[in-house]
Amino acid sequence: MFQLFLIILAIVAAALLLLAIKVLVGKKFVHTHIDGNRHLNKRGIHCVQSMDRKMRKENPNRVKEREGK
C-alpha cells in the first residue's frame, strides 16, 4: 500500500515538475478572454460585457418618442 502511494506521489511530482518547466521556459499562456481572440473579433463576436456597454450608449440620432410636459 505504501509502495503504491510512493509511485503515485512520484508520478504527480514528475507531472508538476514538467508543468513548471513548461511554464517557466515555454511560451506565454493563451489569452482565453473573448476580446483577446482575433478570429472571434473578425466574426463580430465580442465579450458580452463589451457588447452590453456598447448597446447602452446613448444614440444621438434616435427619434424622441415623447416630449417632456
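If you go through the stretch 10-24 one residue at a time, do you hit one that is assigned to a loop (DSSP other than H, G, I, E, B), among the basic types (Lys, Arg) and free of Cβ contacts under 8 Å to residues at least 24 places away in the same chain?
No, the stretch 10-24 contains no residue that is assigned to a loop (DSSP other than H, G, I, E, B), among the basic types (Lys, Arg) and free of Cβ contacts under 8 Å to residues at least 24 places away in the same chain.
Among the residues of the stretch 25-47, write down those that are out of contact with any helix residue (DSSP H, G or I) (no Cβ under 8 Å at 6 or more places or on another chain) and not in a loop (DSSP other than H, G, I, E, B).
Selection gives Val25, Gly36, Arg38, His39, Lys42.
Bear in mind these aren't lab numbers, they're just calculated from the coordinates by the rules spelled out. Predicted model only: the values in this text are computed from it and were never measured. Glycine gets a Cβ as well: all are built from the backbone with ideal geometry, and neighbour counts include every protein chain shown.
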